[in-house]
1. Can R34 be described as under 26 Å from F159 (Cα atoms) and either surrounded by 18 or more Cβ atoms within 10 Å (Cβ to Cβ) or at pLDDT 95 or above (or both)?
2. If I ask for residues that are more than 15 Å from the chain's Cα centre (by Cα) and of a type in the set (D, E), which ones from the range 101-131 would you list?
3. Counting only residues that are under 17 Å from V113 (Cβ atoms) and among the hydrophobic types (A, V, I, L, M, F, W, C), give me the strands (runs of 3 or more DSSP E) lying completely in the range 14-71 with at least 2 of them.
4. Taking the condition of being open to solvent by 10 Å² or more (accessible area, probe 1.4 Å) and either hydroxyl-bearing (S, T, Y) or under 13 Å from R148 (Cβ atoms) (or both), how many residues in the range 96-105 meet it?
5. Counting only residues that are open to solvent by less than 10 Å² (accessible area, probe 1.4 Å) and assigned to a loop (DSSP other than H, G, I, E, B), how many does the range 144-154 have?
6. One residue is enough: does the range 83-91 have a residue meeting the conditions at pLDDT 95 or above, charged (D, E, K, R) and either within 16 Å of R15 (Cβ to Cβ) or under 14 Å from the mean Cα position of the chain (by Cα) (or both)?
7. Out of contact with any His (no Cβ under 9 Å at 6 or more places or on another chain), in contact (Cβ under 8 Å) with a residue 12 or more places away in the chain, assigned to a helix (DSSP H, G or I) and open to solvent by 10 Å² or more (accessible area, probe 1.4 Å), is that true of L174?
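The values are calculated or read from the model by the stated rules, or taken from the named source; none is laboratory data. Fair warning: this is a prediction, and the values are worked out from it, not measured in the lab. When we count neighbours, we look across all protein chains shown, and the Cβ atoms used for this are built from the backbone with ideal geometry, even at glycine. Heavy atoms of the whole protein, side chains included, go into the accessibility calculation; ligands, DNA and RNA do not. Shrake-Rupley method; radii C 1.70, N 1.55, O 1.52, S 1.80 Å.
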Amino acid sequence: MAGYDPVERARDVYRKVVRVRDGVEERLYYRFRRDRWYGGIVSADVIGCNLSCRFCWSWYFRENPCRGRWFNPVSVGERLVGMADRYRVRLIRLTGAEPTISRRHLVDVIDYVTSYKYRFILETNGILIGYDHSYAEELAKHRRIVVRVSFKGVSPKEFQWLTGAREDAWYLQLKALENLLDSGLKPGEEFYAAAMIGWSSDEDIEWFIGKLREIHPVLTDVDWEYVILYPHVVKLLKKTGLPPPKRAVSPHGVPKEMI
C-alpha cells in the first residue's frame with residue numbers, strides 16, 4: 001500500500017525526540033506560550049510528529065530536534081501551571097506536533113496538571129490511541145481531560161493526499177474515538193472530533209459525518225478546521241504543491257466561533 005505507516009513512524013520519531021533519564025521520559029519542546037484559543041489557554045509545543053501534513057502550521061519546528069530543549073514532565077507541569085496562574089486561565093494543553101508519541105511523559109504531565117485542578121486539553125491526530133486500546137484506557141483514568149482528535153481530511157483518500165501516509169491509517173483516527181468512548185470518556189464533553197476541511201468536498205464531509213454518527217450522534221458536532229494563512233503556511237503550501245484551499249482564513253480574520 002502506498003504511503004508510510006504512521007504507527008511505525010511514531011516509533012522512529014520517538015527515538016529522536018524522547019530520552020529517558022533515571023527512568024523518566026524527557027521530551028523535546030519548542031516553546032511555552034499563552035494563546036487565545038478555547039477562550040484563553042497556556043500551551044506547550046512539542047517537537048516530533050508521526051504525520052507530515054502538507055499544510056501543517058508547525059512544520060518549521062515539527063521535525064527539527066535542533067530547535068528544541070529537553071524537559072521532564074515535572075518541569076513541563078511546573079512551567080504550565082505557573083503560566084496558568086499568572087495569566088488566570090484554567091486550561092492547559094500540549095500541542096504543536098504529536099504529544100502522544102511520548103506516552104509515559106504525556107501521562108505524567110497530565111497527572112501533574114490535573115492535580116492542580118486545571119483542565120488538560122490533549123490535541124492529537126489520534127492514531128496511536130486508535131492503534132492501542134490501552135492508551136485510551138489510561139487517558140480515561142483522568143477526569144479533568146479533554147481529548148481533541150484532529151482528523152487530517154475527512155476521507156482515507158484525502159488523508160493520504162494531505163499527509164502522504166497510507167490510506168488505511170485514517171481509520172485509526174475513527175478507532176481512537178471508538179476506544180475513548182469504550183473506555184468511559186463522555187463524547188462531546190471529554191473527547192470530540194475536529195477535522196481539517198480546507199480542501200474537502202461537501203460529499204466527503206457528509207460521508208464523514210455519517211461515520212461519526214455510527215460511533216455516537218453527539219460526535220457529529222465537529223470542530224471544523226479551516227486553513228489559517230500564516231505567512232509560513234502559505235510558504236509551505238507553495239512548496240508542497242497544494243492548490244489554494246477552498247476554506248481558509250487570515251490570522252487576524254478567524255471567526256470568534258473558531259477560537
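1. Criteria not met by R34.
2. Those that are more than 15 Å from the chain's Cα centre (by Cα) and of a type in the set (D, E): D108, D111.
3. In the range 14-71, 24-35, 41-46 are the strands (runs of 3 or more DSSP E) which contain 2 or more residues that are under 17 Å from V113 (Cβ atoms) and among the hydrophobic types (A, V, I, L, M, F, W, C).
4. Residues that pass the stated criteria total 0.
5. So the answer is 2.
6. No.
7. yes
For every residue, the table says whether it meets (1) part of a helix (DSSP H, G or I); (2) farther than 18 Å from S150 by Cα; (3) not hydroxyl-bearing (S, T, Y).
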| position | (1), (2), (3) |
| --- | --- |
| A194 | no, no, yes |
| D204 | yes, no, yes |
| L212 | yes, no, yes |
| V218 | yes, no, yes |
| W224 | no, no, yes |
| K239 | yes, yes, yes |
| L242 | no, yes, yes |
| G253 | no, yes, yes |
| E257 | yes, no, yes |
